[in-house]
Structures are given as structure tokens and as C-alpha cells.
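Here's the structure, in C-alpha cells; my notes come after.
Only the coordinates and a few stated rules stand behind these numbers; no lab work does. Quick caveat: nothing in here was measured; it's all calculated off a predicted structure. Here the Cβ positions follow ideal geometry from the backbone for every residue, glycine too, while neighbour counts run over all protein chains shown.
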Ligand SMILES: [Zn+2]
């Protein structure tokens, strides 16, 4: 009997990134479907304890897990050197540190 091997982080990350791209593509037409892709991506990542890279983390709301698109359901403001994200779906604010590298 062959036990199914745990997928590698790199492979999972690729699939997760692909799901975010899919979410981006369907977002304009079907927001709910976009959110389902995000839920799927998060589940995939969780299963292998993969921490989502920051460029993906800022593409969904950590309160309601909606896919966020700047100018549509997301407002980004700069405040004291921190980026403040405002989700229009659940009206929550959250902060992201600026990339400084
Ligand atoms: Zn939200």
C-alpha cells in the first residue's frame, strides 16, 4: 500500500498562488466564487502548515476572508509609516507593515 505523500511547500505555494490568480479573474463577475477560491487556498496552505507570503496575505481580508481588490472593496491608506487596509465587506481595518527591504 502506498501512502499518499505530503505535498511539498513549494508545490502548495504554486497552487495557492494560482488560486489567488483565479480569484482575481472571477472577482469582477462573481465575488462569491472568488471568495471560495481564497477559502480553498487557505485550506490548502493550512494543511501543510504553509504560511502565506505577505503579498498573498494582503489580497484577502483576515476578518471575513473576502478577496480584496483595491479601489473596489478595499481602501489602502498610509498612516504613520504603516499601511492601513479597510475592507468594505466587513468594515474592518487592519494594518500591514510596509515592505522595507
Ligand atoms: Zn473583511
Subject >> Residue, surrounded by the most Cβ atoms within 10 Å (Cβ to Cβ), within region 78-94, restricted to residues that are in contact with a strand residue (DSSP E or B) (Cβ under 9 Å, 6 or more places away or on another chain) and more than 23 Å from residue 34 (Cβ to Cβ) >> reply: 82
Original post:
Hey, does region 49-61 have a residue that's in a helix (DSSP H, G or I) and over 14 Å from the mean Cα position of the chain (by Cα)?
Top reply: no
Subject >> Any chance residue 59 is closer than 20 Å to residue 91 by Cα and buried (at least 16 other Cβ atoms within 10 Å of the Cβ) >> reply: yes
Original post:
How many residues are touching a helix residue (DSSP H, G or I) at 6+ places or on another chain (Cβ under 7 Å) and near the ligand (Cβ under 9 Å from one of its atoms) when one looks only at region 54-101?
Top reply: 3
Subject >> Filtered residues of region 1-35 (kept if crowded, with 17+ Cβ neighbours inside 10 Å and under 11 Å from the mean Cα position of the chain (by Cα)) >> reply: 16, 19, 20, 23, 34, 35
